[in-house]
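The values are calculated or read from the model by the stated rules, or taken from the named source; none is laboratory data. These figures come from a predicted structure and were not determined experimentally. No Cβ is skipped: glycine too gets one built from the backbone with ideal geometry, and neighbour counts run over all protein chains shown. Accessible surface areas use protein heavy atoms only, side chains included; no ligands, DNA or RNA. Shrake-Rupley method; radii C 1.70, N 1.55, O 1.52, S 1.80 Å.
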Amino acid sequence: MNIRLSVAAGSSHLTTFEHGGPVICIGRDPECDLALQGEAADKVSRQHARIELSAGGATLSDAGSSNGTLLNDRLLKGPAPLRVGDRIQMGYTGATLTVLELDLDARPVDQATRVRPLLVIGGEGDPMVPITMTAQVVARLCKQRDRVQFEKYPELDPGRVIGDSVRDQIAWIQARFAGRPSRTNCP
């Protein structure tokens, strides 16, 4: 099972979030699976909403939030089915999540499907995506995957971060094609 969401807030900064379920907690609480911070956390409760994935379907419910949860511009009154393309909004003015992909196949997780190498690059001075938020996401990914390599760059400008990280990106890709295991800094 898996769900992939786009997350938009404020000045239309867009990120993606992916989770294997079966339950995804969304809110400001750093312990949430999707912990919203900065602009994305405006009008969001600590534990705002939850998504449940099962072979029978995906369900969205409000977790007792102060400002409610909207599904396709309608305030939730109870659990509601979730489909690809649906828009989830935290209150009337909070972050908007869009369901990009939804895989409800209950395939057994074996070593071949569980190990997916991932390279994450972050700028320590990025005001839109704080490095602490990226580190929290990486920590959750480390729990789901065996090989996550997280590289932090001190620059503020995202353009410079991308340029300065090219060497690491190329080395990571070359290692994948050569069949070498990726580095990991997961505990």
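How many nm separate the modelled label positions at ASP164 and LYS152, each set 7 Å beyond the Cα in the direction of the Cβ? According to this spin-label approximation, the distance is 1.3 nm. With the simple spin-label model, which puts each label point 7 Å out from Cα in the Cβ direction, the GLN174 to ASP73 separation comes to 5.2 nm. Each residue of the range 35-94 gets 85 Å³ once the volume of the Cα convex hull is shared out per residue. Residues whose amide H comes within less than 5 Å of that of TYR153, counting only those at least five positions distant or on another chain, are GLY122, GLY123, GLU124 (H built at 1.01 Å from N in the peptide plane). The separation of the range 167-187 from the range 1-79, counted between C-alpha centres, amounts to 32 Å.
Each of the peptides 39-45, 51-57 was scored by the mean count of other Cβ atoms within 10 Å over its residues; in descending order, highest first, they stand as 39-45, 51-57.
Among the cysteines of the chain, each one has another cysteine beta carbon less than 4.7 Å from its own. The long axis of helix 131-144 is offset from the longest Cα principal axis of the chain by roughly 90 degrees.
Dipole size of the chain about its Cα centre, with +1 on Lys/Arg Cβ and -1 on Asp/Glu Cβ: approximately 400 debye, rounded to the nearest 20. Model label sites at ASP103 and ARG83, defined 7 Å from Cα along the beta-carbon direction, differ in position by 2.2 nm. Candidates VAL138, ILE88, GLY163 compared by Cα position along the dipole of the chain: farthest toward the positive end lies VAL138, with charges placed on Cβ.
Rolling a 1.4 Å probe across the protein heavy atoms gives the chain an accessible surface of 55 Å² per residue. Labels on offer are (i) 0.99; (ii) 1.06; (iii) 1.10, and the one holding Rg/Rh (Cα atoms, Kirkwood Rh) computed from this structure is (i).
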